[in-house]
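These notes concern the structure reproduced below.
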Amino acid sequence: MRHADLSGQVAIVTGATSGIGRGIALELAAAGARVVVNGRPGEASERRGAEVVQAIADAGGQAVAAPADISREDDVERLFRVATDRFQGLDLLVNNAGIEQPAAIQDMTLDQWRGVIDVNLTGQFLCARAATRAFLARPAPAPDGPARGNIIFISSVHEVIPWAFQANYAASKGGVSMLMRSLAQELAPMKIRVNAVAPGAIRTPINAPAWNTPESMASLLALIPYGRIGEPRDVARAVAWLASNDADYVTGATLFIDGGMTLYPGFRGAG
């Protein structure tokens, strides 16, 4: 398989210790990037981060683990210093970290609301701000040269599809969509590209109940016209392409990786 060419680039991937983030970190490293593997502080997460770093090293790549809670401003600043201290620069931020805390709206606590918004939206803002500052500290590229830096937000089909009992999550992803587009408009004149990837149903541990029995898989596939669940590599390959110079004229775009879920298959032949 041909990988996108990211030779010499330095990337930070937040939430990279499992699932989609892990797949992205491995794909970027396979494409030649040096990767800062971020996960939440804590023994289990840090162990998984070390395993991702080791997997990249075993494949001949370079990576370093950098635990940080991206909802905390001081943690974000420390995270970005790892890239400059270890790899002397930054070319790419993949804003992937996110959490879910489902509840019926009448039962949802303020802590559940804030917890999701703090990570999924405020955390992505803090990281995007830190990345922009790092990019602007570099010399401006030639007008016809490649981008000065790249920011890729990992959003969700739920930036456009309402999600009952997940109002906090859906609101955070709707916010990510407009945050991405606003930053793309603001930063394009500085040769900083900003895009998003919006996954649909992807086979990861966090959503195992949605696919780990024949009955749940059948219900899920009814929402996916393409007829299969997505894999982390489907998202990772899209991210690598968006990060590469092959996508140099792309900014402000959201690429849905969803097997057609946003085509609302329930309306096929109806409505």
Self-check item: the range 1-153: radius of gyration and largest Cα-Cα distance (Dmax), Å
Solution: 16.0, 54
Quiz item: At a probe size of 1.4 Å, how large is the accessible area of Trp241, to the nearest 10 Å²?
Solution: 100
Practice problem: Would you work out which of Thr251, Pro67, Tyr226 lies farthest towards the positive end of the dipole of the range 10-258, given +1 charges on the beta-carbon of Lys and Arg and -1 on that of Asp and Glu, about the Cα centre? | Solution: Thr251
Quiz prompt | Arg86 versus Ala270: modelled label distance in nm, points set 7 Å from Cα along the beta carbon direction | solution = 5.0
Practice problem: Please give the peptides 79-88, 32-41 ranked by average Cβ packing (other Cβ atoms within 10 Å per residue), highest first, as a rough proxy for protection. | Solution: 32-41, 79-88
Exercise. Report, as a whole number in µm² per second, the diffusion coefficient that Stokes-Einstein gives for the range 78-141 at 25 °C and 0.890 mPa s using the Kirkwood radius over alpha carbon pairs.
Key: 179
Self-check item: For the chain, size of Cβ-based charge dipole, Lys and Arg +1, Asp and Glu -1, in debye
Solution: 400
Self-check item: Over the chain: helical MRE at 222 nm, DSSP H runs n ≥ 4 each giving -39500 (n - 2.57), nearest 500
Solution: -12500 deg cm²/dmol
Self-check item: Orientation-averaged projected area, Cα convex hull of the range 156-240 (nm²)
Solution: 6.7
Quiz prompt | Accessible surface, the chain, averaged per residue in Å² (probe 1.4 Å) | solution = 48
Quiz item: Using a probe of 1.4 angstrom, how much of the accessible area of the chain is carbon and sulfur, in percent?
Solution: 54
Quiz item: So how compact is the range 3-54: Cα radius of gyration and Dmax in angstrom?
Solution: 10.6, 34
Exercise. With a point put 7 Å past each Cα toward its Cβ, work out how far Arg133 is from Ala208 in nm, to one decimal.
Key: 3.9
Exercise. Any chance you could look up the accessible area of Phe267 with a 1.4 Å probe, heavy atoms only, rounded to 10 Å²?
Key: 140
Practice problem: Take the alpha carbon atoms of the range 10-258, find their radius of gyration, then divide it by 2.2 N^0.38 Å using N residues; give the quotient. | Solution: 0.98
Exercise. Subtract the Cα-Cα distance of Gln106 and Leu263 from 0.36 nm times their separation in residues, and report this length gain in nm to one decimal.
Key: 53.5 nm
Self-check item: Virtual spin-label span in nm between Thr254 and Arg114, 7 Å along Cα→Cβ
Solution: 2.7
Quiz item: Which helices count as membrane-span-like in the chain under these terms: full DSSP H, at least 15 Å along the axis by C-alpha, Kyte-Doolittle mean of -1.0 or more?
Solution: 19-30, 43-58, 73-87, 123-136, 167-187, 232-243
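The values are calculated or read from the model by the stated rules, or taken from the named source; none is laboratory data. Predicted model only: the values in this text are computed from it and were never measured. Backbone-built Cβ (ideal geometry, glycine too); neighbour counts: all protein chains shown. For accessibility, only protein heavy atoms count, side chains too; no ligands or nucleic acids. Shrake-Rupley method; radii C 1.70, N 1.55, O 1.52, S 1.80 Å.
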